[in-house]
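To start, the structure under review is shown below, and the notes come after it.
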Amino acid sequence: MLDLFGRSPALIAPGVVLLTAFSDVAVLKSQIEAVSLLAPFRHMTTPGGRPMGAAMTNCGPLGWVGDRNGYRYEATDPLTGRPWPEMPSAFMTLARRAAETAGFGNFKPDACLINRYAVGVGMGMHRDVDELDREAPIVSVSLGLTARFVIRIEGKLQKIELNEGDVLVFGGPAREAEHGVRPVRHREDSQPTDFRFNLTLRKAR
Ligand SMILES: O=C(O)CCC(=O)C(=O)O
Ligand SMILES: [Fe+2]
């Protein structure tokens, strides 16, 4: 299937599809800014009490949280005491279109985690298993600085470079694959205020 830009999706492994330059970067970034004014980026902690490297916030009916009590989804932002900001329609539309293009129809995410990585920050290897609905895929959108994403498929690490505007979809046989992000690299022309942003859209319930 071809996307709107005429490129075919790249099948990285069964259930793992990379859609390059698939999103409207400027719109998404302005929506991240709008969400963060209502639900600020913060460093959540591991159950052991260690702050996570990536700063996070959420939008949509459910938000992923981590603290001393573990990892879970909450309808209320523990920082503000208010519901998470509404999921911008641009996020929902993109997620559905990306999932569909990757072969996962009828994706209805109810949670969008927004990760913000400073230079030098990554995310350790983990599996996304806090969702009750793991039939649905994960749609992961990259913005800002380039990331080196790694995913373990049948015991083998696949390295995927994710540039601004790229969307990675993983589901089906890859839904519970272990994955992580290598520390974001400094670029010659990158400013201290440059970040990598990631939208992770999931169906939690
Ligand atoms: O930032 C990314 O590309 C991946 C984020 C991720 O794996 C997660 O939030 O669970
Ligand atoms: Fe993840």
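Residue pairs whose Cβ atoms lie under 8 Å apart, sitting 6 or more positions apart in sequence or on different chains, and linking a residue in the stretch 132-151 that is charged (D, E, K, R) to a partner that is assigned to a strand (DSSP E or B), are Arg148/Lys159; Arg148/Ile160; Arg148/Glu161; Arg148/Leu162; Arg148/Val181. The residues of the stretch 50-64 that are over 20 Å from Pro109 (Cβ atoms) and either within 14 Å of ligand 2 (Cβ to nearest atom) or in contact with an Asp or Glu (Cβ under 9 Å, 6 or more places away or on another chain) (or both), listed by number, are Met52, Gly53. Looking only at the stretch 133-163, residues that are more than 12 Å from ligand 1 (Cβ to nearest atom), touching a Phe, Trp or Tyr at 6+ places or on another chain (Cβ under 9 Å) and over 14 Å from Val17 (Cβ atoms) come to 2 in all. Looking only at residues in the stretch 97-131 that are of a type in the set (A, V, I, L, M, F, W, C) and over 21 Å from Glu86 (Cα atoms), the one that is farthest from ligand 2 (Cβ to nearest atom) is Val119. Quick one: in the stretch 135-178, which of the residues that are more than 16 Å from Pro14 (Cα to Cα) and in a loop (DSSP other than H, G, I, E, B) is nearest to ligand 2 (Cβ to nearest atom)? In this case the residue turns out to be Asp166. Which of the residues spanning the stretch 93-117 are touching a helix residue (DSSP H, G or I) at 6+ places or on another chain (Cβ under 9 Å) and of a type outside the set (Gly, Ala, Ser)? Correct list: Leu94, Phe104, Asn106, Phe107, Lys108, Pro109, Cys112, Ile114, Arg116.
Rule-based calculations on the coordinates, nothing more; no lab input. For clarity, every value in this text was computed on a predicted model and none was experimentally measured. Ideal geometry is used to build each Cβ from the backbone, glycine not excepted, and the neighbour counts take in all protein chains shown.
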